[in-house]
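Where a number appears in this text, it was derived from the coordinates with a stated rule and is not lab data. Keep in mind that what you see is a predicted model, and the values were worked out from it rather than measured. Cβ placement follows ideal geometry from the backbone for every residue including glycine, while neighbour counts extend to all protein chains displayed.
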Amino acid sequence: MVCSVISRSTRVRASSVAVDSIAANQVIRDGETIVSAGELYEMGFFSPANSDNRYLGIWFKKIATGTVVWVANREFPLSNRSGTFKVSSQGLLLLSCCGDTVIWSSTSSKLVRYINPVAQLLDTGNFVVKDVNRTDDTNFIWQSFDYPGDTLLPGMKLGKDFVTGTNRNLTSWKSPDDPSLGQYVDYVDTNGYPQMFMRQGLDVRIRFGPWNGIRFSGLPNEMPNPIYSVEFVVNQREVYYKFELTSSVVQMLRLKWDGSIAMFHWSNRSQDWIIFAKGLMDMCSGYGLCGPYGTCNINKYPSCSCMEGFEPKRPAEWKIVDWSSGCQLKSHLDCSNGEVFRKIRGMKFPDTQHSWYNLSMTLGECEIACRKICSCTAYAKLDIRRGGSGCLLWFGELMDLKVCEESQDLYIRMPASLLTGLTVSQSGINRKIRILTIVLSIFFVLLGSFIATYTCGMKKRRSHMKGRGRRVHTIDKHYSGIEKEDLQLNFFNLPQIAKATNNFSINNKLGEGGFGPVYKGVLESGQEIAVKQLSKTSEQGYDEFYNEVVCVARLQHRNLVKLLGYCMDGDERILIYEYMPNKSLDLYLFDETRSSMLEWPQRFCIIDGIARGLLYLHQDSRFRIIHRDLKAGNILLDHDMNPKISDFGLAREFGGDQITAKTKKVVGTYGYISPEYAVHGRFSVKSDVFSFGVLVLEIVSGKKNREFSRENVNDNLLGHAWRLYTEDRCLELMSPSLLNSCIL
C-alpha cells in the first residue's frame with residue numbers, strides 16, 4: 001500500500017558545510033547543513049509545507065528527500081532565517097535567534113566531565129554530542145535518540161532508563177505542517193509488567209498488550225520477518241522496545257498526527273513510502289471498550305460479550321449497548337480450595353498495570369503462586385519461546401480483553417461450581433494427586449525426626465540466649481521483616497563495620513543528622529563506605545531504618561545514593577552506603593569560602609541531577625516515592641560533583657493510582673515543607689516539588705531559606721525571591737560569586 005502523504009515536503013535552502021560534525025563554538029547558520037558520512041541524513045533548518053516557521057531538524061538526504069525524522073525546537077519555532085546553532089564548550093547544544101537569544105538547548109548531567117565536545121550526525125540518524133578525546137562511541141554526552149519525536153528509527157529505543165531517568169516516547173505532530181506536540185503519545189508503561197500504550201491527551205486509546213517474547217499479545221500478525229528484527233528488553237536498569245534492520249532496506253516507524261501508527265518501507269521502484277506493517281485499528285482496539293472481564297470480538301455483533309461463567313454487571317446498560325461496566329462472575333470467589341483455573345485461548349492478554357511477573361518460574365510454579373494469593377485472578381506464561389517460561393500474575397479485575405488468533409493460554413480463577421460444561425485447565429490432575437500422596441507420606445516420616453531435632457536444638461538455643469531476654473525476639477523480628485522483601489542486600493556483621501571505621505573513631509566521623517552519626521569506613525577489599533549509625537537518642541527508630549532499607553534498595557538511579565547493605569546486632573541499626581567524597585551540598589552553598597568554588601555550570605548540573613532523581617522517584621520508578629525531606633543537607637556529591645538524593649527514612653510509597661495522602665504527624669525540615677503539608681498534613685509529589693523549588697533558590701542565591709534576613713524586610717528567602725520577581729529584579733537574587741561564570 002503506497003502512502004505518499006508520509007513524505008512531508010519541506011523547504012530547505014541549504015549549502016552543506018560538507019562535514020558530519022561541528023566543533024565546540026562552531027556556528028551553523030540558517031542555510032547551512034551538516035551531512036552524515038554516508039549521506040543518508042542531513043541536518044539544518046527547514047520549513048514545513050504551508051508554513052514560514054523555521055525549525056532545526058534531521059531529514060533523509062540520499063533517499064526520500066525531505067522526509068523529516070527529528071525536530072529540535074518543536075515548541076519554539078523561529079519566525080525568520082536568523083537562527084544559528086552551536087555546541088558550547090561544556091557540551092550543550094544551543095539554538096539561538098536574533099543574536100544571542102537562546103530559544104532551545106539540550107540538557108546533560110555529564111557536562112563537568114567533558115572538556116572537548118564535538119557534535120556529529122551519524123549514519124543512523126542519531127545526532128550526538130561526545131568528547132573528541134574519548135574512543136567510546138556509546139557514552140555520549142547527549143544524543144537525539146534519547147528524545148524521539150514522531151519517528152522511531154532503527155536502533156532507537158522506546159521506553160524508560162531507570163538509571164538515568166530518561167523516558168523515550170513517540171509524540172505525534174499537531175498537524176501535517178506543524179511539528180509542535182500533537183494529541184497522540186505512544187509509550188511503554190512500566191506499572192506492573194511493561195506493555196505498550198497509545199494515549200490521546202490524558203486518555204488511553206489503545207493498548208498493544210504485553211510482550212510475549214516474539215510480539216505484543218494484541219498484535220498476532222506481527223511475526224518475525226527477513227526485513228527487521230524486534231527486541232523488547234525488561235531488566236532492572238531499563239525497559240525498551242526497538243527494531244534493527246536485517247537487510248539493506250530503509251524503514252521507520254511513525255506515529256502520525258491523526259493517531260495512526262505504521263512501519264514504513266522505502267520503495268526505490270515507486271520512489272515512495274509503502275506501509276509494511278501497521279498497528280491494527282478497529283472497534284475492538286479501543287481501550288477497555290467492554291469493561292472488566294468483558295471480551296471484544298470484531299467478528300461478532302454485538303462486539304462485547306461475557307465469557308462463560310460470567311454475566312453482565314449491569315444488564316440494563318448492556319441492553320442499550322453501554323458495555324463499560326463490564327462483567328462479573330456468577331458466583332463470587334472466596335479463596336477456598338474449591339477454586340480452579342479455566343484455560344482461555346485466543347485472547348489478547350489483559351491490562352498488566354496491576355500485575356506481577358517473574359522471568360524464571362515455570363507454569364506449574366506460576367499456578368502455585370497464584371493459588372496462594374486470594375487477590376490473584378489469573379496467570380499465564382510470560383514468554384512463549386522455546387516451549388514457554390516465566391510467570392505473569394494478574395490482580396483484581398481483568399481489563400481490555402480482546403479475541404485474537406494465535407494468542408497464548410490465559411488461566412482465569414473461577415469457583416469450581418461454575419465449571420459444569422466448561423473447559424478447565426486441570427491437565428494431569430490425577431497425576432498430581434498421586435504425586436502429592438507420595439510426597440505427603442515422605443513428609444510425615446521426615447516431620448517426626450525434624451521435630452525431635454528441633455526440640456533438642458531449641459533447648460540448646462534457650463540456654464545460649466539466656467539473659468538476653470527480649471532482645472533476641474527483636475533481632476529475629478527485624479531480620480524476618482527485611483528478608484520478606486527479598487531485597488538482595490549485603491548483610492554486614494558488627495565486627496566488620498567496627499573494623500572498617502576504626503571502632504567508630506571520632507576521626508572517621510563525617511557528620512551527624514536526625515538519624516545519627518555518619519562515619520567513613522574502608523572495607524577489607526579497599527572499598528570506601530559511609531556508615532550511618534542509628535543514635536540511641538534519635539527520635540527516629542526501627543520504622544525509619546526499615547523504611548530507608550526498603551526504599552533505597554529497590555531504587556536504582558545515578559542521582560540517588562546507593563545503599564550497599566545493612567547491619568543489625570542487638571540494639572545496633574546501621575546502614576552502609578557508597579562513600580561520597582565531596583559530602584553534602586549544604587557544606588558548599590552556605591560557606592563563603594566553598595561557595596565561591598561552585599561556579600554556575602556546576603550548580604546547573606546539580607539542579608538538573610536533583611530534578612532527574614526526583615522525576616525518577618515520582619514517575620519513572622516502579623514504586624512512586626515521596627521523599628518528604630528534600631533539602632541541601634540530603635543532597636550528596638560524588639567525586640565529580642554529581643548530586644545524589646539521600647536519607648529516605650521519612651519517605652512514603654504511593655500506589656499507582658494514589659495522588660495524595662494525609663498524616664497527623666508532619667515530618668521533614670521546616671523551611672522546605674510545603675504550606676498544605678505543614679498546615680493540613682496533606683502531602684503528595686507536589687510536596688517534594690515545593691522543597692525542590694526552595695532548594696533551587698538556595699543554589700542560585702547561596703543563602704539558606706530559614707536563616708535569610710534582609711535589612712528592614714521580614715521576608716524569608718522565598719518572600720524575597722517573590723518580591724524581586726514582582727519588581728522585575730530577578731537577577732538580584734543570584735549569588736555574587738556567579739557573576740563571572742553565568743550567562744545572564
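In this label model, D258 and N502 are separated by 7.4 nm, measuring between points 7 Å along each Cα→Cβ vector.
Given the pairs K157/K562; K62/K160; K174/K319; K348/K372, which are separated by over 29 angstrom at their Cα positions?
Those over the limit are K62/K160; K174/K319.
Take each peptide in 40-47, 127-134, 669-676, count the other Cβ atoms within 10 Å of every residue, and average; sorted highest first, the result is 40-47, 127-134, 669-676. Where the centroid of each part is defined by its Cα atoms, how far is segment 307-364 from segment 581-623 in Å? Cα centroid to Cα centroid, the span is 48 Å.
Partners of K381 within straight-line reach, counting aspartates and glutamates whose Cα lies under 12 Å from its Cα and excluding those fewer than 8 residues away in the same chain: E365, E367, D409.
D322 to T101: extension gain in nm, 0.36 nm per residue of separation minus the Cα-Cα distance?
Values: separation 221, 0.36 × 221 = 79.56 nm, distance 5.44 nm.
Gain in length upon complete extension: 74.1 nm.
Taking 7 Å steps out from each Cα toward its Cβ at V522 and C730 produces label points 4.8 nm apart. For Q195, the residues whose amide H sits under 5 Å from its own are D189, ignoring neighbours fewer than 5 places away on the same chain, with H placed 1.01 Å from N.
Run the simple label-point estimate for N116 and N268 please: 7 Å along Cα→C-beta, distance reported in nm. That separation, rounded to one decimal, is 4.0 nm.
Using the reciprocal of the averaged 1/r over all distinct C-alpha pairs, how large is the Kirkwood radius of segment 284-427 in Å? Please list the in-between numbers first.
Numbers: mean 1/r = 0.0643 Å⁻¹.
In segment 284-427 this quantity evaluates to 15.6 Å.
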